[in-house]
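Visitor: I'd like to ask you about the structure that follows.
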C-alpha cells in the first residue's frame, strides 16, 4: 500500500491564461493531519476540486489513497469524505433526509455514528437545510463526512460558522475518532490556530505552487526568527533562509534550521544579533506569503526570498 | 441514493400533473356523454330514427355501430364509425398535448442540472457513482412520471367508453405512445438546457424559446419569404399529433421515430455534458 494518502506531481490546473495550480507537488502521509494553507486565490480549493475529480487537471498527476484521480474517481470518492467550502446542501431536504440520500453510497456508512455526532454537535435533524444557520449547515456537512467511514477526510474551511465549543469538539473528534484509527485528515483552512492545534504536517501554497511542506514539529523545533541590526547593507544567502523582513535598520530572518550558525554568519558580516526566537505557524505563513510592499506606515514589509 | 432524491424532487409535480390529466380526462368523458346525448336528441327528431339498439345501454339513449355507420353521411362522416371519433375524444389529446408540454418541461427542469445553480453540484458529483448514473436516474424517474401523467389522460376515459358502449373503448389508447415519445423529447430538451445553463429557470426559458422557435419560425419563413421546406419538415414531424386525423389515420411511425431519435439525442448530449463539464 502506498504510504501517501495524497500525492501530486507537477499538478496543474489552468483557466485560460490563469494558472490556478501550477506544478504542485504534495505529499500527504497516511494517518496524518495535513494543514493545507494559502491566501485567498492561492489555489487551495482548485487543488481540492482537482483531487476529487470536480475539475480535470491541465497537467501533472495526482493519486489519492493510491488511486489515480483521472481513472479511479469512484474508488477515491467511496473512500473520501469531503466538506466543501460553501457548505451548501439540498435546501428542501432535512439533515435526516440528506443522511438517507447519502448512506446508500458508502459501504462503511455508520448510522450509529450519525446518531452519536448528531447528538454531540447538536444538529437539528428534522429542520429543512435552507432554514438552518450557517453553523448548523457546517455541522451537517461534517456529519456526512464523518459517518461515511472514509479513509481520508478533505475539509475545506471546516470551521466556518461554528462556535468555539463546536470547533473544539470537531477538532477533538477528528483526532480522537479518526486520526487515531489511521485515517488521514486534509485540512484546507485560513484558521492557522486550528491547524496548529491538530496538524502534523503543513503545506503552504502561493500562486498555485507549494512554498513550504514540512512537519509542524519541525517548525516548532528548528524554525527560528533572528532579529538583527545593521548599519550597512548586507546581502545574505542561505538555503535555510526562507523570509526576510526589513524595518529601518533592523532586519528579521526566518530560518529553517541551524539558527545559531546563521546568526554567526550575520555577526561575521557586521550585524548585531538582537534575539533568536522560536516561531509559530502564523509567523511562518506570514513570512512566506506577505507581499513585499510597504505597509501603511510607509515602512518596508516582508520580502520573501526567492528559492 | 440519487434515485430517492430524484423522485423526492419531482414527486409533487408528478402528483399535480396526474391530478390535472385525470381531471381533463374525466371532464372529457363527461363531455363525451353530453355529446352522445345531443346526437341522440338529434336522431330522436330525425326520420331515420334507429329501431334496433343492440349494444348500448345505461343512458337515456340507445344506439349501435351499424346505425352510426348507416347514417354516417348525415353528419358528414364517411368512415366507419367508432366511438372514439366523438370530438371530445380528440380534444382529450389536444388538452393532453398541453398537459404533456407543461409536465415534460416541469419535470425536465427538476433534474440534476438545477444543482449547479443551487450550489450543490459539488455534493452530488462527489458521491461515489459514475456521472452518467445521475442523468440516467433522472430520465428513469422523469419518464416514468411522464408516462403515468399522460396515461392519466386516457385510462380515466375507459369507464365512460364502456358506459356508453358495450363493445368497449375503441382505439383510444393508440394516441398514448406518440404522446410519450414527444414528451420524452421535450423532457430531454428541458433537462439538457437546465444542465447547460445550470439553472431551472434559465433552462425553462431556453426550452420555451426553443419550442416557440420550432413552432413559429417555419411558418414565419413560409409567410415572409415563401420558404416552404422547413414548414413541410416540421409539419411532417408533427404528423403523429394531428388529432383531427387520429384515430382513423394509420399510426405515424415516421414522426414517432423522429421524436424518439430527438429524445435519445438529448439524452446523449446530457450524458456527454455531465461527463466532461467541470464544476
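The values are calculated or read from the model by the stated rules, or taken from the named source; none is laboratory data. Since this is a predicted model, take the numbers as computed values, not measurements. We place every Cβ from the backbone using ideal geometry, glycine too, and count neighbours over all the protein chains shown.
Visitor: Considering only residues that are over 18 Å from residue B:120 (Cα atoms) and exposed (fewer than 12 other Cβ atoms within 10 Å of the Cβ), look in segment A:112-135 and name the one that is nearest to the other protein chains (Cβ to nearest Cβ).
Guide: A:126
Visitor: Find the helices (runs of 4 or more DSSP H) located wholly in segment A:118-224 whose residues include 1 or more that are in contact with a strand residue (DSSP E or B) (Cβ under 6 Å, 6 or more places away or on another chain) and under 30 Å from residue A:262 (Cα atoms), and list them. First the steps, then the outcome.
Guide: Values: elements: A:134-147, A:164-173, A:192-198, A:216-222.
Per the criteria, A:192-198, A:216-222.
Visitor: Return only the number of the condition from (1) outside the structural domain of residue A:85 (by TED's automatic domain parsing); (2) loosely packed, with under 15 Cβ neighbours inside 10 Å; (3) in contact (Cβ under 8 Å) with a residue 24 or more places away in the chain that residue A:182 does not satisfy.
Guide: Against the list (1) outside the structural domain of residue A:85 (by TED's automatic domain parsing); (2) loosely packed, with under 15 Cβ neighbours inside 10 Å; (3) in contact (Cβ under 8 Å) with a residue 24 or more places away in the chain, residue A:182 comes up short only on (1).
Visitor: Follow-up. I'm told residue A:30 meets every condition in (1) touching a helix residue (DSSP H, G or I) at 6+ places or on another chain (Cβ under 8 Å); (2) touching a residue at least 24 places away in the same chain (Cβ under 8 Å); (3) within 30 Å of residue A:288 (Cα to Cα) except one. Can you identify the failing condition by its number?
Guide: Of the numbered conditions (1) touching a helix residue (DSSP H, G or I) at 6+ places or on another chain (Cβ under 8 Å); (2) touching a residue at least 24 places away in the same chain (Cβ under 8 Å); (3) within 30 Å of residue A:288 (Cα to Cα), the odd one out for residue A:30 is (1).
Visitor: Please find, within segment A:53-99, the residue that is surrounded by the most Cβ atoms within 10 Å (Cβ to Cβ) out of those that are at the interface with another protein chain (Cβ under 7 Å from one of its Cβ atoms), farther than 19 Å from residue B:117 by Cα and out of contact with any strand residue (DSSP E or B) (no Cβ under 6 Å at 6 or more places or on another chain).
Guide: Step by step, filter segment A:53-99, then rank; the result is A:77.
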